[in-house]
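Scroll down for the structure; my scribbles are underneath it.
The values are calculated or read from the model by the stated rules, or taken from the named source; none is laboratory data. Quick caveat, the model's predicted, so the values are computed rather than measured. Please note: Cβ atoms are built from the backbone with ideal geometry, for glycine as well, and neighbour counts cover all protein chains shown.
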Amino acid sequence: MKVNQVMNKKVITCHPDEKVSAILNKLKLFNISGMPVVLKGRLVGLISRSDILGYLSMEMEVAEIDKKELLTKYNTPAKEIMIKKVITVDPSFTIEEAAREMVEHDINMLPVVQDDQVVGILTRGDIVKALAESM
């Protein structure tokens, strides 16, 4: 089975200048854990809920978090906290190859890129669902 048969083609993305607050709203609205960061159609990064939560808390205890500092952090653009070195897959990869990439790099989602354009997103859940349906 190929990635292009399993991937989600409706990819929710954000812009590198998009603020953390807007990204968190998108994550909640679309019930997703992360998204590609795209500039002029090209993938420039990846941002996840865990990246944002780690940035917001910086491993502080809740009582230690300064309200003013937190509000400032909510206005931080994606480009300042996104992952810049993104592992991607081609739509022609098999789901086994994609799964290997996820395990090797300890990631849960892979942007699917063809000709420098994001054409889909593949998650571990997509792979598990496809395998379960093929049984």
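Based on this model, can you work out whether residue 37 counts as closer than 17 Å to residue 1 by Cα, modelled with pLDDT of 90 or more, in contact with a helix residue (DSSP H, G or I) (Cβ under 7 Å, 6 or more places away or on another chain) and β-branched (Val, Ile, Thr)?
Details: closer than 17 Å to residue 1 by Cα: no; modelled with pLDDT of 90 or more: yes; in contact with a helix residue (DSSP H, G or I) (Cβ under 7 Å, 6 or more places away or on another chain): yes; β-branched (Val, Ile, Thr): yes.
So residue 37 does not fit the description; no.
Applying the set (1) basic (Lys, Arg); (2) closer than 30 Å to residue 135 by Cβ; (3) assigned to a loop (DSSP other than H, G, I, E, B) to residue 85 leaves exactly one unmet item: (2). Among the residues making up the range 70-88, those that are surrounded by 11 or more Cβ atoms within 10 Å (Cβ to Cβ), farther than 17 Å from residue 57 by Cβ and free of Cβ contacts under 8 Å to residues at least 60 places away in the same chain are 83, 86, 87, 88. Restricting attention to the range 93-120 and to residues that are charged (D, E, K, R) and under 17 Å from residue 34 (Cβ atoms), the residue that is nearest to the chain's Cα centre (by Cα) turns out to be 106. Kindly check whether there is at least one residue in the range 59-81 that is at pLDDT 95 or above, in contact with an Asp or Glu (Cβ under 9 Å, 6 or more places away or on another chain) and closer than 25 Å to residue 126 by Cα. The answer is no; no qualifying residue exists.
Are there helices (runs of 4 or more DSSP H) fully within the range 1-58 with at least 2 residues that are surrounded by fewer than 16 Cβ atoms within 10 Å (Cβ to Cβ)? List them. I'd like the intermediate steps shown before the answer.
On the way: elements: 3-6, 20-29, 49-57.
Correct list: 20-29, 49-57.
Looking across the range 111-135, the residues that are among the aliphatic types (A, V, I, L, M) and free of Cβ contacts under 8 Å to residues at least 24 places away in the same chain come down to 128, 132, 135.
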